[in-house]
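Novice: Sharing a structure here in structure tokens format.
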Amino acid sequence: MNQATGIPRVFVSYSHDSQGHRENVADLTQELRRQGIDAQVDQFIETTPPLSWPGWMADEIEDADFVLLVITETYVRRFRGRETPSRGLGVRWEGAIITSELYYDVHDRVKFIPVVVSPTDARLIPAPLSLTTWYLIGTPGNRDLVPLLRHLRGEPALIPEPLGTASVSKIDSHSADAVHPSVAISQALERAQSARESAKEDLRSLVGELTGTASAQAAYALGRLEQEDDLYTAAITAYQRVLDFGPDTPVAEDAARNLQVVIEAMNAHFAPGGPVAAVQSCLTLVRKGRMRQLWEELEPNLRLVLAQAWIFSNRDHPRLAGLDRDELASELAKPRPKHKLTRDFFATQLDEFKHAYSAYDEETWGAAERPRPLGIDYELVILMETGGDGIDWQPDMSRPAFPFLLRRVLGRWRIANFRPEFPIPGWPPTSKPLPLDGVEFTLRNQE
């Protein structure tokens, strides 16, 4: 920090994922500067590069009071040195420097601050960076940098009151062995590392048993756990409890901010244009028999695999005799195929879809609430009988459920497969199970 002016110096570390991402980082850096933060980024000197980029990076990290790490999947891959050789060398070098500093000086952890563009990227934050506070930076026109600026300026969100005379609290008066509310909340959070559901139950009980500030603190702790687990409805309920019963408590501001983050994430998952809406739209097209319109909503790789599967299954049919199967598959896989066999192919495909999803009812089926992102552009959506509401799907649920693999293509979600597997073109086409981190389940849409 400049001792004369007290202005904090910040270095922004990021990966060059795309031009849009670069522009977002540049806008963030400029906004920090407009807010009185001496923020630096490599884009400021790209037209007059230093003799040694690694040396420049090392100097910037050393001179900075804080280093903002813009977390994306690409950034983390390069930070950990798992990128293809010769790619992402800048982030790999910065990652080596940062990891070294964290290893040799545990106190430097507060210097390195992870920030994310989207709340769903928080899951990508690597250890030990995940042990500190992270901040949401959003995009131009949709930023709330107040919490981050408060951190950079060293401005506390709450100034502690002078210590008063100790007194026996209401909860302590019940029993000499009673546990103080703050201790009980801390113990529940500690148990959450190994027994998460049990810890949540303890916090729910504390929310109901305690009053005032203590109840609000328990509700806030519960909301954080539910938010970390992407259980939107439960997190919203907990944060609303804080705001309803403890609007003047120390955690109210954080609860309000987190509530906004959760609502934005929920909208991204369920709102029009999101992955759930894309699945529901496709199933509506199946019900209405609009195969040609549905075909355009499928991801190109899936269209090719479905065409290959149909050709391979009918390889001995007289109408396929003499046709080049690769050319035929390519023609049928087009968004609007015009081959003479298109009608037969679509009729068979539509019949299979209607049979597979005959149990689906848009009035009584809903989506499993927790989003399951797989990489940057893929997500698994699970539909099941919920009465039309969202529900947290668990492996031991016996109700019928339909899985869909979604892929975001040019900002639009498209069906990438009708099962939790990556489709692989070939003769015959195959598939590869999704990496679900040990989660196993049986879904009954292929019976």
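The values are calculated or read from the model by the stated rules, or taken from the named source; none is laboratory data. This one's a predicted model, so the numbers in the text were calculated from it and none came from an experiment. Here Cβ is always computed from backbone atoms with ideal geometry, including for glycine, and neighbour counts include all displayed protein chains.
Novice: Which members of the stretch 330-350 meet the condition of being of a type outside the set (S, T, Y) and within 35 Å of the chain's Cα centre (by Cα)?
Specialist: Step one: list which residues in the stretch 330-350 are of a type outside the set (S, T, Y), which gives 331-341, 343-347, 349-350.
Of everything in the stretch 330-350, those that are of a type outside the set (S, T, Y) and within 35 Å of the chain's Cα centre (by Cα) turn out to be L332, A333, K334, P335, R336, Q349, L350.
Novice: Starting from the stretch 263-280, keep only residues that are within 15 Å of R407 (Cα to Cα), then list their pairs with residues that are in a loop (DSSP other than H, G, I, E, B) whose Cβ atoms are within a distance under 6 Å, requiring at least 6 positions of separation or different chains.
Specialist: Within 6 Å, the pairs are A268/G274; H269/P371.
Novice: Moving on to the next point. Please indicate, with yes or no, whether at least one residue in the stretch 262-279 is touching an Asp or Glu at 6+ places or on another chain (Cβ under 8 Å), over 30 Å from R336 (Cα atoms) and either buried (at least 21 other Cβ atoms within 10 Å of the Cβ) or of a type in the set (D, E, K, R) (or both).
Specialist: The answer is no; no qualifying residue exists.
Novice: Check E363, E327 and return the single one that is over 30 Å from L124 (Cβ atoms), touching a residue at least 12 places away in the same chain (Cβ under 8 Å) and loosely packed, with under 11 Cβ neighbours inside 10 Å. Don't jump to the end; show me each part of the working.
Specialist: Details: E327 fails: touching a residue at least 12 places away in the same chain (Cβ under 8 Å).
Every option except E363 fails the conditions.
Novice: Separate question: Restricting to the stretch 14-48, give me the number of residues that are among the small types (G, A, S), modelled with pLDDT under 90 and surrounded by 15 or more Cβ atoms within 10 Å (Cβ to Cβ). Explain how you work it out, then say what you get.
Specialist: Residues of the stretch 14-48 among the small types (G, A, S): 15, 18, 20, 26, 36, 39.
Going one step further and asking which of them are modelled with pLDDT under 90, we end up with 15, 18.
Keeping just the survivors that are surrounded by 15 or more Cβ atoms within 10 Å (Cβ to Cβ) gives 15.
Total satisfying the criteria: 1.
Novice: For the structure I just gave you, tell me whether A367 is within 20 Å of R407 (Cα to Cα) and under 30 Å from the mean Cα position of the chain (by Cα).
Specialist: Judged against the criteria, A367 is a match.
Novice: Within the stretch 307-321, how many residues are assigned to a helix (DSSP H, G or I) and farther than 25 Å from N417 by Cβ?
Specialist: 2
Novice: Moving on. Taking the condition of being outside any helix (DSSP H, G or I) and at pLDDT below 90, how many residues in the stretch 261-293 meet it?
Specialist: Residues flagged as outside any helix (DSSP H, G or I) and at pLDDT below 90 within the stretch 261-293 amount to 4.
Novice: Just give me the residues in the stretch 211-234 being surrounded by fewer than 20 Cβ atoms within 10 Å (Cβ to Cβ) and outside any helix (DSSP H, G or I), in sequence order.
Specialist: Within the stretch 211-234, T211, D229 qualify.
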